[in-house]
Amino acid sequence: MTTTRTTRLRRPLLAGTTAVAAMAVTAGFMAATPEQATAATGPRLSLIAATDSVTLTSWKEEPGVFLDLGTYLTAEGTPLELKVTRKSYKDPVVVTQTVYEGGKAKAKVLPRDTVKDFSGLPGFAEITVTDSTGKKVVSRTESFCPNNASGRVRPDAPATSKYPESCPTNPFTLGSVWGVEKGWAANTYSGAYTQPVKLAAGTYTAKVGVAKKYRDLFGIADKPATVRVTVQERSWEDGGGAAARQATGEHAGHGAGQQAPAAHAGHGPGHAPSPAQAGAPETSGAGPSYNVGHGPLKAAPPALPWALKRQEAARAEARAADTTGQTDGSRKAPALTPQAKRPTGTPSVPNVPKPDLRSLPAYGITISDGGQDVPGKDYLAFSANVWNAGPAQLVVDGFRSPGKPTMDAFQYFYDANGKQVGYTPTGTMEWDPRPGHVHWHFTDFASYRLLKADQKEAVRSGKEAFCLANTDAVDYTVKNANWHPFNTDLSTACGQENSISVREVLDVGSGDTYTQDLPGQSFDITDVPNGTYYIQVLANPAKRLKETNLDNNSALRKIVLGGTPGKRTVTVPAHDLVNAN
């Protein structure tokens, strides 16, 4: 595929763990007898509606209605648990279900055509809408992410869900875990993955059912939910504008439900593509802040599930009072705290589990000119991700001596009980004041190189320093993967300019994406001849960090440069089975 501009918008799937109190009344008819519980090898799944009527708003400024109907899939007896994996990028995505026989977990392989990627179960929900005369005006299917917005449906259900809060959409995801906890329900609405439908103001009847393929696969009864829908037309100018823009995702920065710092609102000097030129590639966060990687571009509007909308007005007011560490008006986004002081004693690298840093192939690849700041230049911009395959966290603390512009960095090591048993110096941290960064970077974490067809270096990016944050769930099936990592929130993970110390962590199973709209995420190709090249993403280039394996740190992505100065083009062939530029 050849591209000189990327206009694809990110569409993060909204997910969370808000209680669905409106559905508690359904608990009675879902209780099972002991005999049924003993015989079941999988969960008992049901489709229910949280309410029999909803009111949807069609905004004149953004015509169309999102079919946010408040239908949920409940799981009883045992959780619905799916593990979605691929052995390599040459292999298709496959899915297994965890079932229970005699109280023991067992993997059940599902048909190969069950899933195509990591974004959810395709075509799960079947939706029809009829108008007041009985005429069918909408007929569509939507995917279902079991990790979507969810909550308990009965008081004796587990207090928290062990499953992650979103379905990854990074094109190079390797493994994901989806689940609906027992006694819980997950919203079937696909959020901003779906397209709005045109419905005039009026009254409608919506029917939501589960596709036969999934009814047969999971034993779900053929009992569609019926919801009365009232569509009202409003304008932002009639007093609902501010709340509407908040509710539909006018959140700059790192994802749904948080405001980006003002310093993250711009682009870097010269060669950062504008939003119209290159929307950041699709990537959803590993944690409840739904990050979309380091980068100033806006996320696509996340249409909120019905169960959350009533809280949105209060949240919008609360956001105005957000302080450091609280970024969405409803929860704390905990930063990780460094040690109180520099480590003492003799540095040592004990024989304990260590992280395994690996790179994903580059993606979100596009051409950008220098714009007004650097006229006459051509840049090759790209997104990159380095992730941790474990089995241990990468933990790095930075400590600043009074008056010094940099911090001294130390890597920590822990035994199986979580006790720190060693440390070693590992370079420095530096403050990056550029728009889109504005935080402390750990130096020599990764490097980017443009290699010729013979894989000899042609151009090296100046960027080799990074703030570590768990922006993407890359493989949650690896040993010791943390399905609920901390420091997913960039406003708390990377420190302030006056910080005296910083802790940066890359958790097991998670990766850190830097999107192509950031300063340094590009190569100056003004004088680079047309031809075949490789973008190399190299983790731990100076080998300062201690890992379990140093032989898997490099990833290559083939590209072909063409065009003429000022009108350069890039062709991005598929990477094995992954056809994403």
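The values are calculated or read from the model by the stated rules, or taken from the named source; none is laboratory data. Since this is a predicted model, take the numbers as computed values, not measurements. All Cβ positions, glycine included, derive from the backbone under ideal geometry; neighbour counts span all protein chains shown. The area values use the complete protein model at the heavy-atom level, side chains included, leaving out ligands, DNA and RNA. Shrake-Rupley method; radii C 1.70, N 1.55, O 1.52, S 1.80 Å.
Could you say which residue among 101, 126 is surrounded by fewer than 20 Cβ atoms within 10 Å (Cβ to Cβ), in contact (Cβ under 8 Å) with a residue 60 or more places away in the chain and under 22 Å from residue 223 (Cα atoms)? Steps first, please.
Numbers: 101 fails: under 22 Å from residue 223 (Cα atoms).
Exactly one of 101, 126 is surrounded by fewer than 20 Cβ atoms within 10 Å (Cβ to Cβ), in contact (Cβ under 8 Å) with a residue 60 or more places away in the chain and under 22 Å from residue 223 (Cα atoms), namely 126.
Could you check, for the range 152-172, whether at least one of its residues is surrounded by 22 or more Cβ atoms within 10 Å (Cβ to Cβ) and over 30 Å from residue 387 (Cα atoms)? Within the range 152-172, one or more residues are surrounded by 22 or more Cβ atoms within 10 Å (Cβ to Cβ) and over 30 Å from residue 387 (Cα atoms).
Taking residue 376, is it at pLDDT below 90, within 24 Å of residue 469 (Cα to Cα) and touching an Asp or Glu at 6+ places or on another chain (Cβ under 9 Å)? Can you show your working first?
Working: at pLDDT below 90: yes; within 24 Å of residue 469 (Cα to Cα): no; touching an Asp or Glu at 6+ places or on another chain (Cβ under 9 Å): yes.
When the stated conditions are applied, residue 376 does not pass them.
Restricting the range 34-55 to residues that are modelled with pLDDT under 90 and part of a loop (DSSP other than H, G, I, E, B) leaves a set whose member that is farthest from the chain's Cα centre (by Cα) is 40.
State which residue is nearest to residue 63 (Cα to Cα) when the search covers only the range 177-218 and only residues that are basic (Lys, Arg) and open to solvent by 50 Å² or more (accessible area, probe 1.4 Å). Full working, then the answer.
Taking the range 177-218 and keeping what is basic (Lys, Arg), we get 182, 198, 207, 212-213, 215.
Now drop any that are not open to solvent by 50 Å² or more (accessible area, probe 1.4 Å), which leaves 182, 198, 207, 212-213.
Working: 182: 38, 198: 7, 207: 22, 212: 32, 213: 33 Å.
Selected residue: 198.
Could you tell me whether the range 558-565 includes any residue that is modelled with pLDDT of 95 or more, surrounded by 14 or more Cβ atoms within 10 Å (Cβ to Cβ) and touching a His at 6+ places or on another chain (Cβ under 8 Å)? Yes. Just to be sure, is residue 528 outside any strand (DSSP E or B), farther than 30 Å from residue 352 by Cα and in contact (Cβ under 8 Å) with a residue 60 or more places away in the chain? Yes; evaluated as a whole, the condition is true for this residue.
Of note, residue 119 does not satisfy the criterion of being open to solvent by less than 10 Å² (accessible area, probe 1.4 Å) and in contact with a strand residue (DSSP E or B) (Cβ under 8 Å, 6 or more places away or on another chain).
Rundown of residues vs (1) within 22 Å of residue 447 (Cα to Cα); (2) surrounded by fewer than 22 Cβ atoms within 10 Å (Cβ to Cβ); (3) modelled with pLDDT under 95; (4) of a type outside the set (A, V, I, L, M, F, W, C), yes/no style:
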residue	(1), (2), (3), (4)
345	no, yes, yes, yes
348	no, yes, yes, yes
366	yes, no, yes, yes
371	no, yes, yes, yes
382	yes, no, yes, no
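For first residues located in the range 406-417 and under 15 Å from residue 390 (Cβ atoms), partners that are among the acidic types (Asp, Glu) and open to solvent by 50 Å² or more (accessible area, probe 1.4 Å) and lie 6+ apart or on another chain with Cβ distances below 9 Å do not occur. For the range 513-531, the count of residues that are acidic (Asp, Glu), modelled with pLDDT under 90 and closer than 24 Å to residue 481 by Cβ is zero. Of the strands (runs of 3 or more DSSP E) that lie entirely inside the range 56-171, not one contains 2 or more residues that are acidic (Asp, Glu). Residue 550 meets the conditions (1) open to solvent by less than 10 Å² (accessible area, probe 1.4 Å); (2) closer than 30 Å to residue 414 by Cβ; (3) in contact with a Lys or Arg (Cβ under 7 Å, 6 or more places away or on another chain) in every case but one. The failed one is (1). Summed over the range 182-218, the residues that are in contact with a strand residue (DSSP E or B) (Cβ under 6 Å, 6 or more places away or on another chain), polar (S, T, N, Q) and part of a loop (DSSP other than H, G, I, E, B) give a count of 3.
Candidates in the range 140-151 are the residues that are out of contact with any helix residue (DSSP H, G or I) (no Cβ under 7 Å at 6 or more places or on another chain) and modelled with pLDDT of 90 or more; of these, the one that is most open to solvent (accessible area, probe 1.4 Å) is 141.
For the range 219-259, what are the residues that are in a loop (DSSP other than H, G, I, E, B), open to solvent by 70 Å² or more (accessible area, probe 1.4 Å) and either basic (Lys, Arg) or at pLDDT 50 or above (or both)? Give the derivation first.
Kept after step one, since they are in a loop (DSSP other than H, G, I, E, B), are these residues of the range 219-259: 219-224, 235, 239-240, 248-259.
If we keep only those that are open to solvent by 70 Å² or more (accessible area, probe 1.4 Å) as well, we get 222-223, 239, 250, 259.
Passing the criteria: 222, 223, 239.
Go through the range 145-167 residue by residue and tally those that are among the acidic types (Asp, Glu) and under 18 Å from residue 84 (Cα atoms). Adding up the residues that qualify gives 1.
Taken as a whole, the range 511-522 holds no residue that is open to solvent by 50 Å² or more (accessible area, probe 1.4 Å) and not small (Gly, Ala, Ser).
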